[in-house]
Structures are given as C-alpha cells and as structure tokens.
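What follows is one structure encoded as structure tokens, with my remarks underneath.
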Amino acid sequence: NAGVTQTPKFQVLKTGQSMTLQCAQDMNHNSMYWYRQDPGMGLRLIYYSASEGTTDKGEVPNGYNVSRLNKREFSLRLESAAPSQTSVYFCASSWTGPNEKLFFGSGTQLSVL
Amino acid sequence: GENVEQHPSTLSVQEGDSAVIKCTYSDSASNYFPWYKQELGKRPQLIIDIRSNVGEKKDQRIAVTLNKTAKHFSLHITETQPEDSAVYFCAAYSGAGSYQLTFGKGTKLSVIP
C-alpha cells in the first residue's frame, strides 16, 4: 500500500516549456486534489476532482489543466510554464471530500527559469 | 470566500514547555478544522481535527479548541519534544458544495533541547 505517489520529485523547466505532473493513489479514494505550496503562503488549491469523471477549479487554477484519467490517477499539466509557477506541488486524496483526512504525496519541486 | 489567519508565524519553546498556535476564520458556515504538521522536506500530515459540533478534542499531548462565536480555534501541544519541531498549518472548510479547504500560512515551531 504505497498511498499517494507523485512523479517527478524534481523538475527544472525553461519559460514556455510544458510538462505533466503525475499522481496516483491506491486507497480507492474518490476525491483527489492538486495544491501548490509557496514560502509563507500555506497550501493553495489549484484543481480538484470530487469523483472519477469530474474536475473543477480551485483557488489558483490559471496556467494549469488537469485530467482525472481514472479513479486512481489525477494529472496536472502546465502548458506554457512561467517563473511564477516555481513552487512545490502536492497531490492529495481523500475518501469523499476535504472535510476528512487528506493523504498527501511526497511533492514535486518545480523550478521555472 | 473563506480567509484563515494563523499566528504566530514562528514560535520557539524550550523542551517540555507548552506551545499554542492560534487561527481565526471568516466564514461562519465553516464546520471542519484540521491541523497538519509538515516536517522539513516532507509531506503535510494530519495530526488532529475538530468539527463545529465539538468544543475541544484531545489526542495524547495534542489538543484543539474551537470557539465558534469568536471564530477562532487553537492547537495546544504540551510537554513539547524536539520531534515536535515542524511547520504546522491550520485549515477551515465551509462545505456548501465547495471542495475548498483554506489553509493558514503556517507556524514554524522550534523546540529547543
């Protein structure tokens, strides 16, 4: 039982490049989330998927897209990376919603030059 | 939307002393208040949570209190140990169909041996 697995752990991009962050959970959770963490800013919700087949915007969705590929997998795509997207990205999952324990992945440190 | 303020941003205590971190929230409809602990370079992990129908909850050395009238909640750690050193985040969830869990900006707790 690996929990929530994120890849890659580190990534450096040049401005304008694209990339996809992968996330998978093996706990049969319905809800999945992408957060970004910036120094002194806490965790901010980018996108979420309440259940398989649905996705919705969070607090800071601009510049990102997501895909809920199946119940296990939820990916985050940066189409044209910008320096403002330099951050640590966390994927998380929970049974049915954010009003219960969130299980976080180990994070992706992304730098955009 | 919901706004969560967390204080202090840094806190240093001697080993064995108590630590208190306070959060205020703005949305009176909020009904779920978790606390996450994040050790350096690690993922956030839930340490305790409280729902709006409860005023206090304890788990060994950790306790959380909620004052709905004043819209604030606090984390209390007693008999602090060096392994309690971490960044602690409070959060609030208002429900009403939203999946937005709003986090505070975090408190860096240092326990001095």
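Could we say that B:Leu46 is more than 14 Å from chain A (Cβ to nearest Cβ), under 30 Å from A:Thr108 (Cβ atoms) and open to solvent by less than 70 Å² (accessible area, probe 1.4 Å) here? So B:Leu46 fails the test. Listed here are the strands (runs of 3 or more DSSP E) enclosed by region B:70-113 that have at least 2 residues being hydroxyl-bearing (Ser, Thr, Tyr): B:86-93, B:107-112. Within the set A:Leu76, A:Leu113, A:Leu69, A:Leu13, the sole residue that is open to solvent by 70 Å² or more (accessible area, probe 1.4 Å), within 25 Å of B:Leu40 (Cβ to Cβ), away from chain B (no Cβ under 14 Å) and not aromatic (Phe, Trp, Tyr) turns out to be A:Leu113.
Restricting attention to region A:16-66, the residues being away from every other protein chain (no Cβ under 14 Å) and of a type outside the set (A, V, I, L, M, F, W, C) number 13. Checking each residue in region B:85-100 for being more than 13 Å from the chain's Cα centre (by Cα), of a type outside the set (Phe, Trp, Tyr) and open to solvent by less than 60 Å² (accessible area, probe 1.4 Å) picks out B:Ser85, B:Ser94, B:Gly95, B:Ser98, B:Gln100. From the list A:Gly40, A:Gly58, the one residue that fits, being touching a strand residue (DSSP E or B) at 6+ places or on another chain (Cβ under 9 Å) and small (Gly, Ala, Ser), is A:Gly58. Every condition in (1) open to solvent by 80 Å² or more (accessible area, probe 1.4 Å); (2) at pLDDT 95 or above; (3) facing chain A (nearest Cβ under 10 Å) holds for B:Gln38 except the one numbered (1). Residues in region A:86-101 that are open to solvent by less than 10 Å² (accessible area, probe 1.4 Å) and within 14 Å of A:Ile46 (Cβ to Cβ): 6 in all.
For A:Ser18, the stated conditions hold: it is surrounded by fewer than 13 Cβ atoms within 10 Å (Cβ to Cβ) and farther than 22 Å from B:Ala86 by Cα.
The values are calculated or read from the model by the stated rules, or taken from the named source; none is laboratory data. For clarity, every value in this text was computed on a predicted model and none was experimentally measured. Because the Cβ atoms are built from the backbone with ideal geometry, glycine has one as well, and the counts that use them run over all protein chains shown. Just so you know, the surface numbers come from the protein's heavy atoms only, side chains and all, with ligands and any DNA or RNA stripped out. Shrake-Rupley method; radii C 1.70, N 1.55, O 1.52, S 1.80 Å.
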